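In what follows, a structure is listed as structure tokens, so that the remarks can point back to it.
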Amino acid sequence: MKKRVIGITALAAVMTVATGMSAFAAGWKQDTHGWYYEYDNGAWAPFGWFTDPETKNMYYIDPDGYMMSGTRVDGFWLDDSGVRHEKTEAEIEAENRRKERAASRPNPAKEQVAADNAANAAKTSKTSVGTKRLVYQHEIDAFSNRFFTETAKALGTSSIGGRTTRNNLETTLKFVSHDTDVIISTLPLVATEKSANYVPHAWEFTYNRNVLGDEREINAMNGVVKNMLIAGLGETEGNTVYERVMAEPVGQGGRFELNGNTDTGNFYSLTYAYERLVLQVTCSEYDPEAEAAAAKAAEEAAAKAAEEAAAQQATTSVITAGAGQSSTPETEAAAQDTEDGAAEDTSEGESGEGADNADEAPTEAAAE
């Protein structure tokens with residue numbers, strides 16, 4: 001095996017002399033000063049930015065022709081392998097964390113726009129979609145104005161009248177008959193938990209079923225109740241709650257409590273006693289859009305990190321090949337030849353010589 005190595009090396013030397021040309025293999029090389037890139041013709045990569053023809057990674061070559069690493073050049077970070085990055089790994093991770101926090105953090109201007117859009121949609125839709133307090137309250141306010149106004153017009157001359165109160169604490173719409181409240185829709189506007197006027201629920205709805213005697217008025221009020229329950233709880237849950245309330249005969253003194261989730265995931269509690277319904281809805285404060293944005297940002301960050309890790313691994317393998325010559329096809333073949341030679345010598349009983357050959361580097365064998 002040792003002879004074969006010498007033979008191949010000698011043949012290469014003879015061919016080089018015969019052709020009058022030097023044989024170079026393009027790639028990264030290392031000497032006592034550092035790494036440099038050598039072309040097929042023996043020339044080195046010039047000073048400045050350099051793109052590896054194989055990996056397409058970018059490096060920076062100093063005036064002496066050596067690769068720079070572990071520093072910043074022209075605003076770009078050169079990692080320990082010399083590969084150019086716009087930011088360091090720590091900077092990229094910090095930026096991704098900031099994006100995730102920004103996506104999950106409340107944005108007053110954004111929420112106000114969403115609330116206004118939801119209120120406009122509520123003018124023609126049947127159910128709310130908001131899970132954030134501000135958006136949900138804008139929807140309920142729009143639904144209350146719509147259904148109360150439509151019902152008042154449909155009733156015409158009646159003992160029932162509508163009243164609206166708006167201030168910085170709450171918005172209240174009522175139907176009143178002979179100074180007695182029939183329906184009350186209240187939106188507590190204080191959203192700061194530390195405030196003395198804060199209440200956790202975003203909407204409270206009350207219906208006194210036993211104060212009316214006129215069938216036309218009763219039917220009209222029942223219609224408002226049904227529309228508002230569907231608007232505030234959703235099509236499915238709203239109809240379910242309405243049917244449960246209407247199943248109680250007036251004058252029988254029925255009592256029950258209901259607790260559950262709206263169709264969109266908000267929470268509600270309902271009490272019914274002495275023909276009086278009281279419903280309170282608390283928003284879940286779950287923002288699907290923000291959650292989706294945060295998930296997308298995390299997914300993109302993970303994908304980018306994986307891509308950079310793969311690129312880093314590929315780059316490291318290229319440069320390592322030029323270092324100890326343990327990863328290139330030529331050195332792997334030489335190492336395999338040496339192992340084969342050791343095995344052959346051992347099988348022939350020449351264990352000592354085989355061991356010596358196994359320890360010799362390919363260049364030393366060539367020198368012999």
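The values are calculated or read from the model by the stated rules, or taken from the named source; none is laboratory data. Remember, predicted model here, so these are calculated numbers, not experimental data. Cβ atoms come from the backbone with ideal geometry, glycine included; neighbour counts cover every protein chain shown. Only protein heavy atoms, including side chains, enter the accessible area calculation; ligands, DNA and RNA are left aside. Shrake-Rupley method; radii C 1.70, N 1.55, O 1.52, S 1.80 Å.
Odds and ends about this structure:
- Residue count, the range 241-257 (criterion: surrounded by fewer than 16 Cβ atoms within 10 Å (Cβ to Cβ) and within 42 Å of the chain's Cα centre (by Cα)): 3
- Which numbered condition residue 210 fails, given (1) farther than 16 Å from residue 285 by Cα; (2) under 38 Å from the mean Cα position of the chain (by Cα): (2)
- Residue 268 being over 21 Å from residue 137 (Cβ atoms) and either without any contact (Cβ under 8 Å) to a residue 60 or more places away in the chain or not charged (D, E, K, R) (or both): no
- Unmet criterion (only one of (1) touching a residue at least 40 places away in the same chain (Cβ under 8 Å); (2) part of a strand (DSSP E or B); (3) among the basic types (Lys, Arg)) for residue 216: (2)
- Filter result (among the charged types (D, E, K, R) and open to solvent by 30 Å² or more (accessible area, probe 1.4 Å)) within the range 210-233: 214, 215, 216, 226
Conditions tested, residue by residue: (1) out of contact with any strand residue (DSSP E or B) (no Cβ under 6 Å at 6 or more places or on another chain); (2) within 21 Å of residue 266 (Cβ to Cβ); (3) not hydrophobic (A, V, I, L, M, F, W, C).
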site: 138; (1), (2), (3): yes, yes, yes
site: 175; (1), (2), (3): no, no, no
site: 189; (1), (2), (3): no, yes, no
site: 208; (1), (2), (3): no, no, yes
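- Of all residues in the range 258-286 being open to solvent by less than 50 Å² (accessible area, probe 1.4 Å) and part of a loop (DSSP other than H, G, I, E, B), the one that is nearest to residue 224 (Cα to Cα): 275
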